[in-house]
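The values are calculated or read from the model by the stated rules, or taken from the named source; none is laboratory data. All values reported here derive from a predicted model rather than from experimental measurement. Glycine also receives a Cβ, built like all others from the backbone with ideal geometry; neighbour counts cover every protein chain displayed. Ligands, DNA and RNA are excluded from the accessible area calculation, which covers all protein heavy atoms including side chains. Shrake-Rupley method; radii C 1.70, N 1.55, O 1.52, S 1.80 Å.
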Number of protein chains: 2
Amino acid sequence: MPQFQPVTPAIVELLAEIVGSEHVSTRRADLDQHSRDQGSHPAHSAEVIVWPGEATQVARALALANQHQIPVTAWGAGTSIEANPIPLRGGILVSFARMDKVVELHADDFQVTVQPGIGYKDLNTYLARHGLFFPPDPGANASVGGMLANNAAGIRTVRYGATKDNVLRMQVVLADGRLITVGSRSVKQSAGYDLLHLFVGSEGTLGLITEATLKLTPIAQAIGAAVAPFETVDAAVEAVVALRAGGLEPAALELIDAFSAQMLAANNGLDLLAAPTLFVEFHAANAGALEYSLAAAQEICEEFGAIRFHATADAAERRTLWYARHHAYETMVRTHSGQQFFINDVAVPISAYATLLADIEAERASRGIAAYLLGHAGDGNIHVIFPFGNEDEYRQSQELNGLIVERALALGGTSTGEHGVGASKSRFMPAEHGPALDVMLTLKQALDPRGILNPGKIFP
Amino acid sequence: MPQFQPVTPAIVELLAEIVGSEHVSTRRADLDQHSRDQGSHPAHSAEVIVWPGEATQVARALALANQHQIPVTAWGAGTSIEANPIPLRGGILVSFARMDKVVELHADDFQVTVQPGIGYKDLNTYLARHGLFFPPDPGANASVGGMLANNAAGIRTVRYGATKDNVLRMQVVLADGRLITVGSRSVKQSAGYDLLHLFVGSEGTLGLITEATLKLTPIAQAIGAAVAPFETVDAAVEAVVALRAGGLEPAALELIDAFSAQMLAANNGLDLLAAPTLFVEFHAANAGALEYSLAAAQEICEEFGAIRFHATADAAERRTLWYARHHAYETMVRTHSGQQFFINDVAVPISAYATLLADIEAERASRGIAAYLLGHAGDGNIHVIFPFGNEDEYRQSQELNGLIVERALALGGTSTGEHGVGASKSRFMPAEHGPALDVMLTLKQALDPRGILNPGKIFP
């Protein structure tokens, strides 16, 4: 384990010279505000926070930290849940809150270059004026830099891919302060090693992203949605496979379990059955193509035993239809007032999805604990959400989480589909990667030999 | 530069113990057959060729080579053109010709696990029976392993991505013989570093791919095509941007220049105008959606000044319509009998594509040399194809190639869109990557400290 040095008043002074004294803080309130994310991992504070205004300041701050072997942790919006940006070993926290600008829109290229601190929802508000959008949608108003660092995904990944599939080029500051550019604004590039994807998803442990050129998608001319409850999870998952095989390319393909559907109906006055329910969205080039997709989806869902099928091509109706899915988490919070939530995140090949869900349900029932299942079914990704009110319930959720991860790995899946490893999931990495984890560690040591970047993350 | 050891008779003996004596050769005819690819780079022979039958044999052979510091170069089908698989420093050539099996089809997951030696066309013949296909299509019958190693692409990349976008999981043998698995059969994974994409496109310099799980796509229910000549390249490129902005998601979007169109028409008796011509293909979920796409494409092309627009939803007519594009290279070879060809490969953001093409045309005309322009326009990728019959013409093509690469880089593009670096393009890497090339070298040294894997490639 690296022997880190403390942040001395002299270091704070040097940081102030780099970013300006008004953009450095050692105040308790600031440190506390950046000591935990939205997950349940215990808080830990940095020793100093800096808010750089440009990449060269980040580079100088890292060169300084590296020289003195001081930990550096990057902070976007703090919306992660696996402790990804918590400065577990103290040191310097680099907040990108001030680096939140659109650098350049390349409309003809369907690309935009941004600073890492911009919220993806804010970005999409800006892009909408140009008929474009950045598809990954992890929820909250995650920063683009954080999404890149964690390879975040969301409900539209089934069609448009995860964050890693929607980035072309990044500027990255290495541990020793070197500023490099990886990837290309050319959508095709076969020129040496894919450093771009090495830094994406590396959770700030290999470098800090200071600029990114993102791939954009034209906003669809016609958007429609459907909701279909099924008798069983198996039937719903069979419909998922068929919807994808039919070449319909749904833009979202979500599943909630019967327990969640019942809770969401009861607490929002919605017309949902207490049954496993699919939420589908389609993006089409015109109204005719959309009508076709919705009709084909209905045929498929009914073939696989959908109890009913509600569809719409109308924007307002779509919001009503999807209300339950879009407001699921907020409804849970309201329903379980005073409780906290632990959110699990695993993914498997779709052929193993029904098995995984059945196993989760059996374990949950045998332990008699409450849990909601919300899944990005099109990707084989499931979130099991455990409300907890005390230590014992939390411990139970952790135990079951461990079992679910083991099961997902045994089924050829992953311990984390989209939330990243952070500190909470590092213990699963040996089982997931085997000897490939040694290779990851070799790369870490090659690029960050003093171990200053986000220590305590990814590696157990 | 590493001090390599020769392949002694004792080493050949040890290799024979690993793969079986009938799968080792030092015969001149075998060495010659694996001494050059389809490009114009001079031949160079390995000292011995091995044909392993399974991954563990590859692992043992590499451990042996690493111990004795003997170069190892992987060989797929030899269809590359940048000298990527030429064993420039001799040593051991590992041919994957025997490892050409489908390991397992995961039909519900739209995935197939294959050995690296399988040809992608053979794979697609197999997959067609299951209504699925592997979209990247570099031409010839490239091996899947070679496509992965070079991150090959082709005409359908505009819709389905390059090889890197169509792989989920690989088994890789490292320089020291360690066998690791990277990626996951889960389509989503945010569990640590993206080793998968580090090995994809690394051209056998970081490890040898011994198995891969590929992402498949359902074969479209309806396929249509269109051909549209334009007065100018600028107009054609504007139509390309509009076709993509319209959300029509063409499955192929190709451009040939007037000179090529004229040559292809004259030598095949085709009804093509001597004008920059777009070739478009659409994949749709049904006939109605296809009709819509073709009609919308016609409207867009005519808006941007297409001289005419021929479209079809019929399979036989489609082949006729696309004959010129599909048989372009073979027609050139026939037309320039006795000559060889140098094929350039650069890509730029689409907004710079018309500028690049104009610059190429101006340089070509000022030098009075012949060249055909064939482009994957939807990706901003262009191939300039130079016929040459003597040293002087070859030298001229190289000079112009250098200028084109410089221009592409200045326009924010890449020196290689899909052919890889090999030996022929390594001299452009410093200009393309700047200090990021040092990072690539750091990774190379970390994973292959004795430098045995495909020496002389990627790095200048």
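For this structure, a couple of remarks:
- Condition met for A:Ala316 (free of Cβ contacts under 8 Å to residues at least 60 places away in the same chain, farther than 18 Å from A:Ala258 by Cβ, open to solvent by less than 30 Å² (accessible area, probe 1.4 Å) and over 25 Å from the mean Cα position of the chain (by Cα)): no
- Counting the residues of segment A:412-433 that are open to solvent by 30 Å² or more (accessible area, probe 1.4 Å) and either more than 23 Å from the chain's Cα centre (by Cα) or within 22 Å of B:Leu174 (Cβ to Cβ) (or both) gives 3.
- None of A:Val158, A:Val172, A:Val187 is within 7 Å of chain B (Cβ to nearest Cβ), hydrophobic (A, V, I, L, M, F, W, C) and in contact with a helix residue (DSSP H, G or I) (Cβ under 8 Å, 6 or more places away or on another chain) except A:Val187.
- Residue match in segment B:123-134 (condition: open to solvent by 10 Å² or more (accessible area, probe 1.4 Å), within 14 Å of chain A (Cβ to nearest Cβ) and out of contact with any Ser or Thr (no Cβ under 9 Å at 6 or more places or on another chain)): yes
- Answer residue from segment A:319-331, given it is charged (D, E, K, R) and closer than 30 Å to A:Asn286 by Cα and is surrounded by the most Cβ atoms within 10 Å (Cβ to Cβ) among those: A:Arg325
- Criterion (more than 23 Å from the chain's Cα centre (by Cα), buried (at least 24 other Cβ atoms within 10 Å of the Cβ) and part of a loop (DSSP other than H, G, I, E, B)) met by exactly one of A:Ala77, A:Ala65, A:Ala61, A:Ala46: A:Ala46
- In segment B:387-404, the residues that are assigned to a helix (DSSP H, G or I) and within 21 Å of the chain's Cα centre (by Cα): B:Ser397, B:Gln398, B:Asn401, B:Gly402, B:Ile404
- Meets criteria (away from chain A (no Cβ under 14 Å) and within 14 Å of A:Gly192 (Cα to Cα)) for B:Pro387: no
- For segment B:46-67, filtering for residues that are of a type in the set (Phe, Trp, Tyr) and under 17 Å from B:Leu88 (Cα atoms) leaves 0.
- Where B:Ser143 falls short, out of the listed (1) open to solvent by less than 10 Å² (accessible area, probe 1.4 Å); (2) more than 22 Å from B:Val19 (Cβ to Cβ): (2)
- Exactly one residue out of A:Gly154, A:Gly204, A:Gly192, A:Gly246 is at positive phi and either among the hydrophobic types (A, V, I, L, M, F, W, C) or surrounded by fewer than 24 Cβ atoms within 10 Å (Cβ to Cβ) (or both), and it is A:Gly154.
- Considering segment A:332-358, the residues that are small (Gly, Ala, Ser) and buried (at least 23 other Cβ atoms within 10 Å of the Cβ) include one that is farthest from the other protein chains (Cβ to nearest Cβ), namely A:Ala352.
- Index of the failed condition, B:Gly201 passing every other in (1) within 7 Å of chain A (Cβ to nearest Cβ); (2) touching a strand residue (DSSP E or B) at 6+ places or on another chain (Cβ under 8 Å): (2)
- In segment A:404-421, the residues that are free of Cβ contacts under 8 Å to residues at least 24 places away in the same chain form Cβ pairs under 6 Å with partners that are in a helix (DSSP H, G or I) and of a type in the set (A, V, I, L, M), at six or more places apart or across chains, as follows: A:Leu409/A:Ala431.
- Options A:Arg185, A:Arg169: the member that is touching a Pro at 6+ places or on another chain (Cβ under 6 Å), under 17 Å from B:Asp165 (Cα atoms) and open to solvent by 10 Å² or more (accessible area, probe 1.4 Å): A:Arg185
- Residue in segment A:130-148 that is touching a His at 6+ places or on another chain (Cβ under 7 Å), polar (S, T, N, Q) and more than 26 Å from B:Gly378 (Cβ to Cβ) present: no
- Taking segment B:210-239 as the range and being within 29 Å of A:Lys457 (Cβ to Cβ) and either open to solvent by 10 Å² or more (accessible area, probe 1.4 Å) or without any contact (Cβ under 8 Å) to a residue 12 or more places away in the chain (or both) as the test, only B:Lys215 passes.
- Just one of the numbered conditions (1) part of a strand (DSSP E or B); (2) open to solvent by 10 Å² or more (accessible area, probe 1.4 Å) is not true of A:Arg407: (1).
- Taken together, the residues in segment A:86-111 that are within 21 Å of the chain's Cα centre (by Cα), open to solvent by 10 Å² or more (accessible area, probe 1.4 Å) and within 20 Å of A:Ser426 (Cβ to Cβ) amount to 1.
- Those residues of segment B:128-147 which are aliphatic (A, V, I, L, M) and modelled with pLDDT of 95 or more, in sequence order: B:Ala128, B:Leu132, B:Ala142, B:Val144, B:Met147
- Taking the conditions (1) surrounded by fewer than 22 Cβ atoms within 10 Å (Cβ to Cβ); (2) within 14 Å of chain B (Cβ to nearest Cβ); (3) of a type in the set (Phe, Trp, Tyr) in turn, A:Phe259 satisfies each one other than (2).
Results for (1) over 26 Å from B:Ala261 (Cβ atoms); (2) within 7 Å of another protein chain (Cβ to nearest Cβ), shown as yes or no for each residue.
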{"site": "B:Glu393", "(1), (2)": "no, no"}
{"site": "B:Leu403", "(1), (2)": "no, no"}
{"site": "B:Gly412", "(1), (2)": "yes, yes"}
{"site": "B:Gly422", "(1), (2)": "yes, no"}
{"site": "B:Arg427", "(1), (2)": "yes, no"}
{"site": "B:Leu441", "(1), (2)": "yes, no"}
{"site": "B:Gln445", "(1), (2)": "yes, no"}
{"site": "B:Gly451", "(1), (2)": "yes, no"}
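- Restricting segment A:13-39 to residues that are surrounded by fewer than 18 Cβ atoms within 10 Å (Cβ to Cβ) and in contact with a strand residue (DSSP E or B) (Cβ under 6 Å, 6 or more places away or on another chain), the residue that is farthest from A:Tyr394 (Cα to Cα): A:Ala16
- All of A:Glu281, A:Glu299 fail the test of being surrounded by 20 or more Cβ atoms within 10 Å (Cβ to Cβ), modelled with pLDDT of 95 or more and more than 9 Å from every other protein chain (Cβ to nearest Cβ), apart from A:Glu281.
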